[in-house]
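The values are calculated or read from the model by the stated rules, or taken from the named source; none is laboratory data. Just so we're clear, the structure is a prediction, and the values are computed from it rather than from any experiment. Cβ placement follows ideal geometry from the backbone for every residue including glycine, while neighbour counts extend to all protein chains displayed. These accessible areas exclude ligands, DNA and RNA; they are computed on the full protein's heavy atoms, side chains included. Shrake-Rupley method; radii C 1.70, N 1.55, O 1.52, S 1.80 Å.
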Amino acid sequence: MVGAMRIAILTAGGDCPGLNAAIRAVARSAIDRGDEAIGIRRGYRGLAERDYVPLDLSAVSEIVSLGGTILSTSSYEPVREGTVDLIAANIAADRFDAVVAIGGEHTMWINRELHERAGLPLIGVPKTIDNDVVGTDYTLGLDTAAQIVSAAIDRLRTTAESHDRVIVIEVMGRNTGWIAIHGGIAGGADGIVIPEFETTCKQIAAVITRRHRRGKDFSIIVVAEGAKLCFENGQGHPVQNGGATDEYGYPRLGGIGAALAAELETLTGYEARTVVLGHLQRAGSPTARDRVLATRFGAAAYDLAARNEFGRMVALHGDEITSIPLAETAGVKTVDLDLLEIARRFFG
Ligand code: F6P
């Protein structure tokens, strides 16, 4: 590359803790090497609308601990909006040498399309509390979400115990159970229900009854919003929040916790309540682990750009930061069932 590189950065899809640390790492790496970092506002929408902000030293100052994203985000899809050519023209007109797009599995699909269809210089950084991106052991955001779930369990245990209640905690994660399994194991949940494994309400009721028989008059059950639960009336779930969808027709999950609590009350005879942790799981400051991961991912994304290595996603393999072709990120990474097997040893 001749002269200073202009590296653009965007965040797309749902926010999560650690995005700002990643933005800062890309920008500070660029500034450190004499390059220029530019922020694109509201995900790919900002690329289509040429909505940019300079990411100089002051713009990325004091943000390592900040939740959310200073660039704002959106679920704008260039392919569905028919703006791939417009985006290609804007990248050329604004002389962006690289675009670092920080997002989840859907964002990696968009990156792949933009790179393969239009040859655009995309680099992906995997983020999402769901941890469902293929090709990386961890995404940034999971650790903070799991920490929030485990802290909630610690608190709810005291009130569940005082009232001899079953408390069902509904957590996010879309079609995978990473948040449920990590948060649930860390918090010592008495039952964890994840989408990767079909579970009947009767099985969960049996766990609770077993606990009661050994003198534990309360239980904490963690259920992932996308869990595949079989109810006594033969109905299956996931529950889809009254059929709600987002702007592109993707289902909005939610409601399984209340359905499970009602069923458990009937099956066990014990009072059951529901707590939906919802967006609290994505809110606020990232953990130290997420800040470090975000910083390593951001620095690695800059290094790829500096080497003109496009069409790749940075990834964590073991404790090593590496990168893989975007073409290898298709699909959804599900929970390793060995983890569920370990969690099960503590049920009942
Ligand atoms: O993908 C992250 C996530 O928080 C999922 O766990 C959840 O299903 C979804 O986003 C919620 O999306 P929204 O914030 O658009 O309601």
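Conditions tested, residue by residue: (1) within 16 Å of the ligand (Cβ to nearest atom); (2) touching an Asp or Glu at 6+ places or on another chain (Cβ under 9 Å); (3) open to solvent by 10 Å² or more (accessible area, probe 1.4 Å).
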| site | (1), (2), (3) |
| --- | --- |
| R174 | yes, yes, yes |
| G188 | no, yes, yes |
| P195 | yes, yes, no |
| E198 | no, no, yes |
| Q203 | no, no, yes |
| I208 | no, yes, no |
| R213 | no, no, yes |
| I220 | no, yes, no |
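Number of residues in region 193-239 that are among the β-branched types (V, I, T) and in contact with a Lys or Arg (Cβ under 8 Å, 6 or more places away or on another chain) equals 2. Among (1) modelled with pLDDT of 95 or more; (2) away from the ligand (no atom under 16 Å from the Cβ); (3) more than 21 Å from A315 (Cβ to Cβ), there is one condition G67 misses while meeting the rest; what is its number? Unmet for G67, out of (1) modelled with pLDDT of 95 or more; (2) away from the ligand (no atom under 16 Å from the Cβ); (3) more than 21 Å from A315 (Cβ to Cβ): (2).
In region 315-340, of all residues being out of contact with any strand residue (DSSP E or B) (no Cβ under 7 Å at 6 or more places or on another chain) and without any contact (Cβ under 8 Å) to a residue 24 or more places away in the chain, the one that is farthest from I102 (Cα to Cα) corresponds to D338. Residue pairs whose Cβ atoms lie under 7 Å apart, separated by 6 or more positions or on different chains, with the first residue in region 271-282 and among the β-branched types (V, I, T) and the second open to solvent by 40 Å² or more (accessible area, probe 1.4 Å), are T274/A258.
Among the criteria (1) within 16 Å of the ligand (Cβ to nearest atom); (2) closer than 30 Å to V275 by Cβ; (3) open to solvent by less than 40 Å² (accessible area, probe 1.4 Å), the one V134 does not fulfil is (2). Checking A27, A22, A48, A4 one by one, the residue that is out of contact with any Leu (no Cβ under 8 Å at 6 or more places or on another chain) and either among the hydrophobic types (A, V, I, L, M, F, W, C) or closer than 10 Å to S72 by Cα (or both) is A4 and no other. All conditions in (1) within 16 Å of the ligand (Cβ to nearest atom); (2) of a type outside the set (K, R); (3) in contact with a Lys or Arg (Cβ under 8 Å, 6 or more places away or on another chain) hold for I169, with the sole exception of (3).
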